[in-house]
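What follows is one structure encoded as structure tokens, with my remarks underneath.
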Amino acid sequence: MRALVVGGAGYIGSHMLRCLLRAGHQACVYDDLSTGHAAAVAGAELVQGDLGDRAQIGAVLERFQPEVVLHFAARSVVAESMADPGLYYRDNVGHSLVLLEEMRRTGVQRLIFSSTAAVYGNPRQVPIDEDHPLLPINPYGWSKLFTERMIQDHCRAYGLRAISLRYFNAAGADESGELGEAHEPETHLIPNILRVAAGQAEVIRIYGQDHDTADGSCVRDYVHVSDLCNAHLSAAERLADPHLPAFQTFNLGIGHGFSVLEVLRAAEAVVGRALPQQRMPRRPGDPPILVASAKRARAALGWRPRYTDLHQIVDSAWRWHRQPRY
């Protein structure tokens, strides 16, 4: 399989690249390196470019002729989307439209889209399945939902075949220790905890103490990045079957939630010591609980997460943070 990995120098994209290469597939990475790292791309061509650059992404599609595009490129910080929604609609929605139009022009007809549980907003029931109402509560979630709708319409009108994978909280790192999660600024919980453990930050900030949860902190479903990548491989194979629906959506999560304080305690157990923390007010746009029902992915994709223990997930990330490569 020839795969173009858009956003392939980022956290999940670089792990996907490694997964593709290990499985014997050919891959090319397209990334603007605004949040990704060239050092995370090994074994494949890296084309540095803005997804909004129609001529450049079109030229890559024409030259590489991928059988499938895996689209990871996006802005993904909820608080930033609340402060600057226009940026999110331009980059996440507008640039995705450019990609869809250039795929159509060059005859590339298969797409895997990196979506999010943020399309559901505040859950009406837990766990959340794919039939839950789609009511985002922040511009990030809306930008992903609008993009899903564009993709669905392209499937209906132009013969595109696509799968949207709605992640819950991606976490962990490649078992080799050579790839990990490195953002600047870092906004995700587990890497922020481990940065404190590694002496790269002073204190862990815990946002919200009065959510309607057992301990007052937010609850999230943490799914290991390697498990996410395996789901993408299965989804790419599913796209090849013309008898299946042209557009499909799947949740990806382990089906169990952990609170912020539970994650902190697991991290302290992994690193072997207590870590300093600071309690902060709630952040706008944060739902109290997000836990997936991934029954559809298990049935249709044969997907079975290997990493379901929180300590195991945190430990894989800690191996990276002890000796980061980039």
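The values are calculated or read from the model by the stated rules, or taken from the named source; none is laboratory data. Everything quoted here is computed from the prediction, not taken from an experiment. Neighbour counts run over all protein chains shown; Cβ positions are idealised from the backbone, glycine included. The accessibility values were calculated without ligands, DNA or RNA, using every heavy atom of the protein model including side chains. Shrake-Rupley method; radii C 1.70, N 1.55, O 1.52, S 1.80 Å.
Data table
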{"item": "Long-range neighbours under 7 Å by Cβ, at least six apart or interchain, first residue touching a residue at least 12 places away in the same chain (Cβ under 8 Å) within the range 306-326, second open to solvent by 30 Å² or more (accessible area, probe 1.4 Å) and assigned to a loop (DSSP other than H, G, I, E, B)", "result": "316/175; 321/198; 322/198; 325/178; 326/37"}
{"item": "Positions within the range 176-232 being open to solvent by 20 Å² or more (accessible area, probe 1.4 Å) and among the hydrophobic types (A, V, I, L, M, F, W, C), in sequence order", "result": "182, 189, 198, 201, 203, 214, 219"}
{"item": "Hits in the range 127-145 - residues which are in a loop (DSSP other than H, G, I, E, B) and either in contact with a helix residue (DSSP H, G or I) (Cβ under 8 Å, 6 or more places away or on another chain) or in contact (Cβ under 8 Å) with a residue 24 or more places away in the chain (or both)", "result": "127, 129, 130, 134, 136, 137, 138"}
{"item": "Residue count, the range 147-162 (criterion: part of a loop (DSSP other than H, G, I, E, B) and either small (Gly, Ala, Ser) or out of contact with any helix residue (DSSP H, G or I) (no Cβ under 9 Å at 6 or more places or on another chain) (or both))", "result": "1"}
{"item": "Criterion violated by residue 308 - all others in (1) closer than 22 Å to residue 207 by Cα; (2) polar (S, T, N, Q); (3) open to solvent by 20 Å² or more (accessible area, probe 1.4 Å) satisfied", "result": "(1)"}
{"item": "Odd one out for residue 50, checked against (1) open to solvent by 30 Å² or more (accessible area, probe 1.4 Å); (2) within 20 Å of residue 3 (Cβ to Cβ); (3) not aliphatic (A, V, I, L, M)", "result": "(2)"}
{"item": "Residues of the range 289-304 satisfying the condition of being in contact with a Lys or Arg (Cβ under 9 Å, 6 or more places away or on another chain) and either within 30 Å of residue 199 (Cβ to Cβ) or not in a helix (DSSP H, G or I) (or both)", "result": "289, 290, 291, 292, 304"}
{"item": "Selection within the range 119-140 - among the small types (Gly, Ala, Ser) and at pLDDT 95 or above", "result": "none"}
{"item": "Single condition residue 182 does not satisfy, out of (1) of a type outside the set (Asp, Glu); (2) closer than 21 Å to residue 40 by Cβ; (3) part of a helix (DSSP H, G or I)", "result": "(3)"}
{"item": "Hits in the range 156-175 - residues which are open to solvent by 10 Å² or more (accessible area, probe 1.4 Å) and over 13 Å from the mean Cα position of the chain (by Cα)", "result": "156, 157, 158, 159, 160, 161, 175"}
{"item": "Qualifying residue in the range 26-33 (condition: closer than 30 Å to residue 176 by Cβ, open to solvent by 60 Å² or more (accessible area, probe 1.4 Å), in a strand (DSSP E or B) and touching a strand residue (DSSP E or B) at 6+ places or on another chain (Cβ under 9 Å))", "result": "yes"}
{"item": "Out of 90, 124, 63, 105, sole residue that is of a type in the set (Lys, Arg) and in contact (Cβ under 8 Å) with a residue 40 or more places away in the chain", "result": "105"}
{"item": "Sole exception among (1) in a helix (DSSP H, G or I); (2) surrounded by fewer than 16 Cβ atoms within 10 Å (Cβ to Cβ) for residue 98, by number", "result": "(2)"}
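Per-residue answers, yes or no, for (1) among the charged types (D, E, K, R); (2) touching a helix residue (DSSP H, G or I) at 6+ places or on another chain (Cβ under 8 Å):
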{"residue": "164", "(1), (2)": "no, yes"}
{"residue": "179", "(1), (2)": "no, yes"}
{"residue": "184", "(1), (2)": "yes, no"}
{"residue": "191", "(1), (2)": "no, yes"}
{"residue": "199", "(1), (2)": "no, no"}
{"residue": "227", "(1), (2)": "yes, no"}
